[in-house]
1. Just for the Cα atoms in the range 266-306, what are the lengths along the principal axes, largest first, rounded to whole Å?
2. Taking only protein heavy atoms into account and a 1.4 Å probe, give the accessible area per residue of the range 68-200 in Å².
3. Of all the C-alpha pairs in the range 98-196, what % are more than 23 Å from each other?
4. Residue by residue through the range 89-101, which ³J(HN,Hα) values in whole Hz follow from phi under the Karplus form 6.51 cos²θ - 1.76 cosθ + 1.60 (θ = phi - 60°), with glycine and proline marked x?
5. Please tell me the relative contact order of the range 209-305 in percent, rounded to the nearest whole number, where contacts are Cα pairs under 8 Å and at least six residues apart.
6. Can you give the angle from 0 to 90° between the axis of helix 159-168 and the longest principal axis of the chain, with both taken from C-alpha atoms, to the nearest 10?
7. For the range 1-131, what does the equivalent ellipsoid look like in terms of its semi-axes, each the square root of 5 times an eigenvalue of the Cα gyration tensor, given largest first in whole Å?
8. For the chain, find the longest principal axis of its Cα atoms and tell me its angle to the long axis of helix 206-217, 0 to 90°, nearest 10.
Amino acid sequence: MPTDFNELTQRLPHLVETCRAYATQGRVATYIPELAHAPQLALGITLRHKSGLTATAGDCGIPFTLQSISKVITLLLALMDRGEQAVFEKVGMEPTGDVFNSMLKLELVQPGKPFNPLINAGAIVVSSLIDGDTAEHKAERVLRFVRDLAGDDSPSFNESVFRSEEATAYRNRSLAYFLKDNKVLDQDVEPTLHVYFKQCAIEVTCAHVARIGLILANDGVDPSTGRQLVPKRYVRIAKSFMVTCGMYNASGEFAIQVGIPAKSGVAGGILALVPGELGIGIIGPALNDKGNSTAGVHLLRLLSEQFDWSMF
Ligand code: DON
């Protein structure tokens, strides 16, 4: 049954206040020092329906950086730049069941190709496949694409978050050097990481993320103009990865409890969508032990139960 958007709009403020309590059980990410300043108890949501209706509640206006949500966007851009064959020569299609920055399987499974584009190793390889003359040019192209999908030119790089990650990314550097050693990464390590850290540091609000979700929910077409922003085939690939790998090693549980494509980031953002209907942007900086927004996941669970969203 299609979502009753008016009913949803009415129930939303109460649902957000109910779920905010879960934030106390989570922790704000601190391994990127600049992220530690995020408001622990914040929770906000924006939903955009393809009819043009929008619903918001809670702290939906606070800015946050995309972090791993950007991996979906660079995957789409790399597919558009290079095509499916070139991308999947370098990165696999399978979930890992490991944490997002794990190195384990890179050495266990030959030839060291990352399992999928949504773990850090895979996303770093995908960043190397973005077209552009320089690392900065590639990063600018990712930002342009985010703005196009968000339908707004206000998303920009948060330079403090970028520098904070760049200065402390020992693990991502080791992953990238490992990929280079295995010849999975053709480009140089530092310029590739520059693109990766910059894409993670793109600052948005829930409204932008909800608009990106809406484009994916609508098979790559902007419902307000009818323009195809992303080929349907690539949107299908991205949504499949969101279902199988989008919430990292909690993706199986999320599929059972919520049952819609979603992608989280360590700043506490979640990009989600109800296929054919609507896009969702959530911010809730306190993370659970799997690195997903604790209150945000609870909110999606309640919404999915109450509006029968599961695809399964
Ligand atoms: O690579 C990192 O560690 C971050 N810039 C992004 C990781 C992330 O968002 C994982 N998400 N849950």
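1. Over the range 266-306, Cα extents along the principal axes are 30, 18, 13 Å.
2. Working: 5430 Å² over 133 residues.
Heavy-atom accessible area per residue stands at 41 Å².
3. Working: 1353 of 4851 pairs.
For the range 98-196, the share of Cα pairs beyond 23 Å comes to 28 percent.
4. 6, 9, 9, x, 10, 10, x, 10, x, 9, 5, 5, 10
5. Relative CO of the range 209-305 lands at 30 percent.
6. Once rounded, one gets 50 degrees.
7. 34, 21, 14
8. Tilt of helix 206-217: around 80 degrees.
The values are calculated or read from the model by the stated rules, or taken from the named source; none is laboratory data. Note that this is a predicted model, so its numbers are computed, not measured. FYI the Cβ positions are ideal-geometry reconstructions off the backbone, even for glycines, and counts take in every protein chain you see. Just so you know, the surface numbers come from the protein's heavy atoms only, side chains and all, with ligands and any DNA or RNA stripped out. Shrake-Rupley method; radii C 1.70, N 1.55, O 1.52, S 1.80 Å.
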